[in-house]
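Trainee: Shown below is the structure under consideration.
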Amino acid sequence: MNLSPDTAPPIRVALVDDQQLVRHGFSMLINSQSDLDVVLQAGNGHEALAGLAATAADVVLMDVRMPGMDGIETTRRLMERTRAAVPGSWLAELKIVVLTTFDLDEYALSAIQAGASGFLLKDAPPEELLEAIRTVHRGDAVIAPSTTRRLLDHVAPLLSAPSPARDAHSAAVASLTAREREVFGLIAQGLSNPEIAAQLFVSEATVKTHVGHILAKLGARDRVQIVVIAYETGEVSPG
């Protein structure tokens with residue numbers, strides 16, 4: 001692919017699904033876009049881990065339910081690699097979106113807790129799938145907010161149950177400044193940076209600075225992790 005100096009390289013996508021027909025259909029759709037490129041296909045978690053040890057990718061679309069090593073364990077192992085990777089490398093920036101067949105799939109929640117940046121339904125409209133890849137690559141918005149919200153509402157009692165992780169997150173939330181707490185609450189409601197900037201009457205650059213501080217203080221990888229922490233700590237209530 002020939003790129004002009006002003007053209008960003010395409011987003012590299014890895015597809016992990018045990019159904020070959022699903023992989024083929026997604027591959028055709030993704031490769032029809034000039035800014036997206038499928039660089040790897042894998043039929044299970046073991047193949048994905050082996051493939052991503054040799055092939056660089058930016059976003060992984062991961063089936064959450066697969067025989068052998070499922071999407072949760074595969075996500076967990078990939079996240080271990082990202083945490084150990086050189087900062088700024090492709091591996092350190094790798095994002096995962098899990099795919100599921102129904103929106104109240106508790107497997108999807110487990111994958112998000114393991115480090116996935118969100119989830120999508122397999123029957124989502126093509127444009128939603130394509131935009132999700134771009135969105136998670138940017139890292140600046142929650143994937144499918146309405147779907148993610150339904151899932152989190154469904155499992156809220158599990159999230160808010162007492163646990164060491166919840167205690168740690170509560171302490172981290174308590175360390176936020178008043179303004180950061182405001183931004184935290186708006187992220188948890190699914191608002192984008194421009195929407196938060198408009199609501200708080202500040203610049204988008206200021207919001208990005210606050211988001212960076214919030215991610216660091218909470219030890220969160222991205223905005224989806226922030227939303228999960230908001231449910232855990234009772235900042236957001238179901239419904």
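The values are calculated or read from the model by the stated rules, or taken from the named source; none is laboratory data. These numbers come from a predicted model, not from an experiment. In this analysis, Cβ positions are derived from the backbone assuming ideal geometry, glycine residues included, and neighbour counts consider all displayed protein chains. Side chains are part of the model used for accessible areas, which takes the heavy atoms of the whole protein and leaves out ligands, DNA and RNA. Shrake-Rupley method; radii C 1.70, N 1.55, O 1.52, S 1.80 Å.
Trainee: Quick one: angle between helix 223-232 and the longest Cα principal axis of the chain, in degrees between 0 and 90, rounded to 10, please.
Mentor: 50
Trainee: What lysines sit close enough to LYS95 to cross-link, taking a C-alpha to C-alpha distance under 20 Å and skipping anything fewer than 8 places away on the same chain?
Mentor: Output for LYS95: LYS122, LYS208.
Trainee: Leaving out ligands and nucleic acids, and using a 1.4 Å probe, what accessible area per residue does the stretch 36-134 come to in Å²?
Mentor: For the stretch 36-134, the solvent-accessible area averages 40 Å² per residue.
Trainee: How long is the stretch 6-96 along each principal axis, judged by its Cα atoms, biggest number first, in Å?
Mentor: 43, 34, 18
Trainee: Roughly speaking, to the nearest percent, how much of the stretch 1-114's 1.4 Å accessible area is carbon and sulfur? Could you put the intermediate results ahead of the total?
Mentor: Numbers: 2830 of 5530 Å².
That share works out to 51 percent.
Trainee: Next question, about the same structure. When you count, for each residue, the other Cβ atoms within 10 Å and take the mean per peptide, how do 41-49, 112-120 rank with the highest first?
Mentor: 112-120, 41-49
Trainee: Rounded to the nearest 500, what is the chain's calculated 222 nm mean residue ellipticity when only DSSP H runs of at least 4 contribute -39500 (n - 2.57) each, over all residues?
Mentor: Calculated from helices alone, the mean residue ellipticity at 222 nm is -16500 deg cm²/dmol.
Trainee: Moving to a separate point now. How large is the charge dipole for the chain, taken about the Cα centre, if only the Cβ atoms of Lys, Arg (+1) and Asp, Glu (-1) carry charge, to the nearest 20 debye?
Mentor: It works out to roughly 540 debye.
Trainee: Relative to the longest principal Cα axis of the chain, at what angle does helix 178-188 sit, 0 to 90 degrees, rounded to 10?
Mentor: That helix lies at roughly 40 degrees to the long axis.
Trainee: Against the longest principal axis of the chain, how steep is helix 71-84, in degrees 0 to 90 to the nearest 10, with axes from Cα atoms?
Mentor: 80
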